[in-house]
Amino acid sequence: MAGLVPVTVQCPHCWEPIEVLIDTSVAEQEYVEDCQVCCQPLLFTVAVPFDSEEPQVEVRPENE
């Protein structure tokens, strides 16, 4: 699996579901992106398995 994959996660601030695009060409990632609903900063930790499984995405408040 390579490219951008849409993943739905829940914002830990406003609890709304948001869809983000995960770059599956990078095995491990950590980055900050603002919630599309409430604009609060979110820390994304992503692990992309080597097989065809979906990316594992953890989302938490940036300043936690």
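The values are calculated or read from the model by the stated rules, or taken from the named source; none is laboratory data. All figures in this text were calculated on a predicted structure; none of them were measured in a lab. Note: ideal-geometry Cβ built from the backbone for every residue, glycine included; neighbour counts use all protein chains shown.
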I'm trying to understand the selection: among the residues of region 40-50, which are free of Cβ contacts under 8 Å to residues at least 24 places away in the same chain, surrounded by 11 or more Cβ atoms within 10 Å (Cβ to Cβ) and not small (G, A, S)? P41, L43, T45, P49
When you go through (1) free of Cβ contacts under 8 Å to residues at least 12 places away in the same chain; (2) in contact with a Leu (Cβ under 8 Å, 6 or more places away or on another chain); (3) surrounded by fewer than 10 Cβ atoms within 10 Å (Cβ to Cβ) one by one for P6, which number turns out not to apply? (1)
If we keep just the residues of region 48-64 that are at pLDDT below 95 and among the hydrophobic types (A, V, I, L, M, F, W, C), which is farthest from T8 (Cα to Cα)? F50
In this structure, is Q29 in contact with a strand residue (DSSP E or B) (Cβ under 6 Å, 6 or more places away or on another chain), outside any strand (DSSP E or B) and modelled with pLDDT of 95 or more? no
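Can you name every residue in region 8-26 that is of a type in the set (A, V, I, L, M) and part of a loop (DSSP other than H, G, I, E, B)?
Of region 8-26, the ones of a type in the set (A, V, I, L, M) are 9, 18, 20-22, 26.
Of everything in region 8-26, just one residue is of a type in the set (A, V, I, L, M) and part of a loop (DSSP other than H, G, I, E, B), namely V26.
Just one of Q29, Q40, Q56, Q10 is polar (S, T, N, Q) and in contact with a Cys (Cβ under 9 Å, 6 or more places away or on another chain); which is it?
Values: Q29 fails: in contact with a Cys (Cβ under 9 Å, 6 or more places away or on another chain); Q56 fails: in contact with a Cys (Cβ under 9 Å, 6 or more places away or on another chain); Q10 fails: in contact with a Cys (Cβ under 9 Å, 6 or more places away or on another chain).
Criteria check complete, one pass: Q40.
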Is it the case that region 51-60 has a residue that's touching a residue at least 12 places away in the same chain (Cβ under 8 Å), in a loop (DSSP other than H, G, I, E, B) and either of a type in the set (F, W, Y) or exposed (fewer than 12 other Cβ atoms within 10 Å of the Cβ) (or both)? yes
